[in-house]
Amino acid sequence: MYNKNEFIPEKIIDYTKKVQVLSEKKAIRDISIWLDNYDDIFSDFDPRPFSERNVSDDFLYELKKVCRERKSSINVLQLLVPEKSRNLENEMLIVKRLHSHLKQNFHVYKQLVKIQKRNGFIFVSSGMLIMILASYISLLKSGNFIMHTLLVMLEPAGWFILWTGLDDLMKIKHIQKAELDLFLKMEKSKIVFSNI
């Protein structure tokens with residue numbers, strides 16, 4: 001029995017393996033979404049032209065779902081449309097609209113995350129300060145009714161504000177991570193239309 005690779009030089013075999021690995025990596029970094037027509041990308045309730053229409057939540061949900069499955073950035077977003085429904089002029093407008101929508105939303109979510117982080121740190125700091133104040137009042141061991149009432153009010157308020165701030169900081173990681181992840185992975189991607 002002979003080896004089928006016996007007559008092929010090792011360099012060619014190595015090159016073939018490299019091309020196969022590169023094409024597998026490229027395939028991982030490209031995604032495809034099947035559309036019945038261009039309206040699948042946009043909101044059904046928005047009658048404006050493609051250059052101004054709101055992007056559909058369903059379309060964005062599918063994009064997020066696909067992005068969650070990918071660890072790396074996405075090079076190409078391929079939108080598959082039936083050949084008879086295609087219109088190159090509309091496709092150029094749609095690609096421009098999708099890029100502007102993703103870019104605009106990326107900046108909006110980045111601001112939201114920044115605000116939520118800031119608010120979280122303010123709440124945590126305020127809660128700690130209130131608890132330190134309550135500890136100081138407790139340390140005084142005053143028989144004064146007003147000081148005792150102040151202590152009773154400050155302790156739960158301090159804990160509540162502290163935990164609310166920590167909750168805000170934890171939400172950033174989970175809720176908005178999916179949104180920011182989508183925008184970061186799609187930031188430099190090329191959007192192309194292809195026939196089904």
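Here, each number is a calculation from the coordinates, and none is a lab measurement. Because the structure is predicted, anything quoted here is derived from the model rather than measured. Quick reminder, even Gly has a Cβ in these numbers, built from the backbone with ideal geometry, and neighbours come from all protein chains shown.
Points to keep in mind about this one:
- Net lengthening on full extension, GLU52/LEU35 (0.36 nm per residue, minus Cα-Cα): 4.2 nm
- 13 Å beta-carbon shell around GLY127, net charge (K/R +1, D/E -1): -3
- Using the Cβ-Cβ distance between LEU180 and VAL152 with R0 set to 35 Å, the FRET efficiency from 1/(1 + (r/R0)^6) comes to roughly 0.25.
- Exposure proxy shown here: for LEU88, LEU98, the number of other Cβ atoms within 10 Å sets the order, fewest to most, as LEU88, LEU98.
- Förster radius 41 Å - calculated FRET efficiency between SER125 and GLU83 (Cβ-Cβ, nearest 0.05): 0.10
- Estimated FRET transfer efficiency when R0 is 41 angstrom, pair LEU140-TYR109 (beta carbons, to 0.05): 0.30
- Eigen-decomposition of the gyration tensor built on the alpha-carbon atoms of the range 81-147 gives equivalent ellipsoid semi-axes of 61, 9, 7 angstrom, largest listed first.
- Within the range 87-196, GluC sites (Glu not before Pro) in DSSP loop having at most 13 other beta-carbon neighbours inside 10 Å: GLU187
- Convex hull volume per residue for the range 10-195, taking Cα atoms only, in Å³: 169 Å³
- At most 16 other Cβ within 10 Å, DSSP loop - trypsin sites (Lys or Arg not before Pro), the range 115-196: LYS141, LYS188
- Here the Karplus curve 6.51 cos²θ - 1.76 cosθ + 1.60, taken at θ = phi - 60°, turns the phi angles of the range 48-54 into couplings of 5, x, 4, 5, 10, 5, 6 Hz, with x standing for Gly and Pro.
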